[in-house]
Amino acid sequence: MNAALASIVSASTSSFQSRLALQAEILALRHQLNVLHRSADARRQLRISDRVLWVWLSRLWPNWRSALLIVKPETVIHWYRQGFRFYWRWKSRHVGRPDTAREIRELIRKMRLSNPTWGALRVHGELLKQGIDVSQSMVPKHMLRSRKPPCQSWRAPSSL
């Protein structure tokens, strides 16, 4: 009896709704029926396209919660927020300083091998003289390290 009364009330209230709201409700209900027919087991399998449809409906149709039966409205809001986070994570994935060109790295190494007594400051100065504008802190990162251990600045005690 309650189901019949509910359908009569919904039919009478639908006559006062706009045509766009009725079409949105029909779309939502038909979509839910398709999902129920598509998934035979008790656990409904929602695809990404189903989630996108519900997020889209929630943004465009103010009364979307009344037609939602297969998932909770909080779940649709979670999908929307998850999509928002995914979009901005994708949008800002390239952050930071760009990589140094390979030719500049090779030039720094070649200058270091040709002039082993030069430090990073001198190599940086020579690069600036050639018109290559790089930061001073970048030069030591790309210089080759010497393979020999540093010489001792103190003397070992002689035999007594």
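The values are calculated or read from the model by the stated rules, or taken from the named source; none is laboratory data. Every value quoted in this text rests on a predicted model; they were computed, and no experiment measured them. In this analysis, Cβ positions are derived from the backbone assuming ideal geometry, glycine residues included, and neighbour counts consider all displayed protein chains.
Points to keep in mind about this one:
Here's the yes/no breakdown for (1) hydrophobic (A, V, I, L, M, F, W, C); (2) within 30 Å of Val52 (Cα to Cα):
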residue: Leu69; (1), (2): yes, yes
residue: Lys72; (1), (2): no, yes
residue: Gln82; (1), (2): no, yes
residue: Val123; (1), (2): yes, no
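- Residue in segment 115-136 that is surrounded by the most Cβ atoms within 10 Å (Cβ to Cβ), counting only those that are closer than 15 Å to Ile104 by Cα and touching a residue at least 24 places away in the same chain (Cβ under 8 Å): Val134
- Filter result (surrounded by fewer than 10 Cβ atoms within 10 Å (Cβ to Cβ) and basic (Lys, Arg)) within segment 86-114: Arg89, Lys91, Arg93, Arg97, Arg102
- Hey, His31 assigned to a helix (DSSP H, G or I), in the same structural domain as Glu74 (by TED's automatic domain parsing), at pLDDT below 85 and not charged (D, E, K, R) or not: no
- Failed condition for Leu107, given (1) farther than 30 Å from Glu25 by Cα; (2) in contact with a Ser or Thr (Cβ under 9 Å, 6 or more places away or on another chain): (2)
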